[in-house]
Each structure stands twice: as C-alpha cells, then as structure tokens.
1. Once phi is turned into ³J(HN,Hα) by the Karplus curve 6.51 cos²θ - 1.76 cosθ + 1.60 with θ = phi - 60°, what whole-Hz value does each residue of the range 202-211 show in order, with x for glycine and proline?
2. Determine the share of the range 1-93's accessible area contributed by carbon and sulfur atoms, expressed in whole percent, with a 1.4 angstrom probe.
3. Go through the range 128-144 residue by residue and turn each phi into a ³J(HN,Hα) via Karplus (6.51, -1.76, 1.60, θ = phi - 60°); whole Hz please, and just put x for glycine and proline.
4. For R153, what accessible surface area do you get with a 1.4 Å probe? Give it in Å², rounded to 10.
5. Given the C-alpha atoms of the range 54-95, compute the convex hull and give its volume per residue in Å³.
6. Return a single number: how many Lys pairs in the chain, at a sequence separation of 8 or more or on separate chains, have alpha-carbon atoms below 23 angstrom apart.
7. Shape call for the chain from the C-alpha gyration tensor, a ≥ b ≥ c root eigenvalues: rounded (a/c under 1.5), prolate (a/b greater than b/c) or oblate?
8. How big is the charge dipole of the chain about its Cα centre, in debye rounded to the nearest 20, if each Lys and Arg gets +1 on its Cβ and each Asp and Glu gets -1 on its Cβ?
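The values are calculated or read from the model by the stated rules, or taken from the named source; none is laboratory data. Predicted model, so just to flag it, every value in this text is computed and none were measured. Here the Cβ is made from the backbone with ideal geometry for all residues, glycine too, and neighbour counts use every protein chain on show. To get the accessible areas, we keep the full protein, side chains included, count just its heavy atoms, and leave off ligands, DNA and RNA. Shrake-Rupley method; radii C 1.70, N 1.55, O 1.52, S 1.80 Å.
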Amino acid sequence: MEFEEILKRRRSVRRFTDQQVREETIIQIMNEARHAPTWANAQESRIYVAAKNTARMIRKEYEEASAKGLGLSDYSFTHREDWSERERKAMKNFERQIGSFIGDDYSEFIDVQNSLFNAPCIAYLTLPDDASTWSKSDLGAMEMLILLCAANREVDSIVAQAFVKYPEIIRKHLQIPASEEIIIGIGLGYKADDNINEFRSPRKSLTDILTIKE
C-alpha cells in the first residue's frame, strides 16, 4: 500500500465488529512499530496486548466500573475546565459535531467509549515510572507507528483516554507491574458498518499551524 493511501485509511474507528485480529498480524504490527525513534536509544517503551478473552474481560469490567463513575489513569490529564478557552471550544465543537452526525445528544458516543468501542484487541503502551520526560515523546512516536502499520495491514484503530482510565483492571489482566505507568491505549480491529464510523473530525488548515522562515 502506498504511504498516501495508508494516511487516508488511518481514521479513528468508534465501533468495531467482533472479528478478531490474527495473532500473526498483531506480532507483525508490533515488530514493525518497535523501530520507532527513541531518545539516546533508551528504548523504555513497552507494549502489552489484550486480545480475545482478555480483551473481552477488560471491556466487561470497564463497563461495570463506568456505571459507578470511577476511574483515574496513571498518567495525569488536565480536566477540560482547566484547558484554555480555545481548546475548550474545540472540544465543545467536537461534541456538537459528532452528536449531530449520529442524530444523538452525544450520549451514544459516551456509551461506545464505556464499552471501549467493542475493540477486540487493545494495545497498551507503558513507560517506567522513573522514565525521562523525553521518553513520552518516544511513546508518541511508537503510538503513531502502530497506527500506520495497522492501517497498512488493513487493521482499523482508535486511540482514546478511555482505554487507560482504569489501570487496576488492566494490571490485573495483563500483569503489568506497578513500576510501569500505563499511558496509551489503542483499540485495534475492523470497523463495523455503523454511522458513527463515517464521522470525520475536521482538522485545522495548514496555514493555521505551519510557519516557514527562510
């Protein structure tokens, strides 16, 4: 697949089918992604994959926990009320756009988040709790490479904070040590024939983000 095709294919899928991703395919994707750049060759990133029954159990326990309104991820995140006015506006626009697109008041999107988008396979990226700040940049590079490698093999994906909201559940099923922070969660699988998967969030124009000086 040409690189431009891979970029166009890579989109956030918000509801997956029950079709499993073959273990061989998962291994191929992660083997390619391990070549992501890393600061000073530290290579502190780790990947844990929940598939089949493990992914199913995690999804089930997430739904139960979400019903209780609990959850605090290892990696601290900024509450939306503490973001700048510009960023809060962007978040609000997203909620309005996807809500109107699916003919809902945004509650359907909350429901699919709580069920982890029905992802049949979930990859968790971790770092040691004493990792350098630069290693977080490394983890982002690995995240993007996983998404592109998956797209190249016609596997759909989504990255969401929802995946890492209950670290105690993840640790229990994947035996991730307390000395590692669970930072990124990626859902992998095949998109369902559902209207929610047709939504495309808009991006800023290149002129809004790019500056070139000669």
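1. Computed from phi, the couplings for the range 202-211 are x, 10, 4, 6, 4, 5, 6, 10, 10, 10 Hz.
2. Working: 3300 of 6800 Å².
Carbon plus sulfur share of accessible area: 49 percent.
3. For the range 128-144, the Karplus curve yields x, 5, 10, 5, 6, 4, 4, 5, 5, 5, 4, 5, x, 5, 5, 3, 5 Hz.
4. 80 Å²
5. Working: hull volume 4.8 nm³, N = 42.
Normalising the Cα hull of the range 54-95 by residue number yields 114 Å³.
6. Lysine pair count for the chain: 18.
7. On the way: a/c = 1.18, a/b = 1.04, b/c = 1.13.
Since a/c stays below 1.5, the shape of the chain is classed as rounded.
8. The dipole magnitude comes to about 220 debye.
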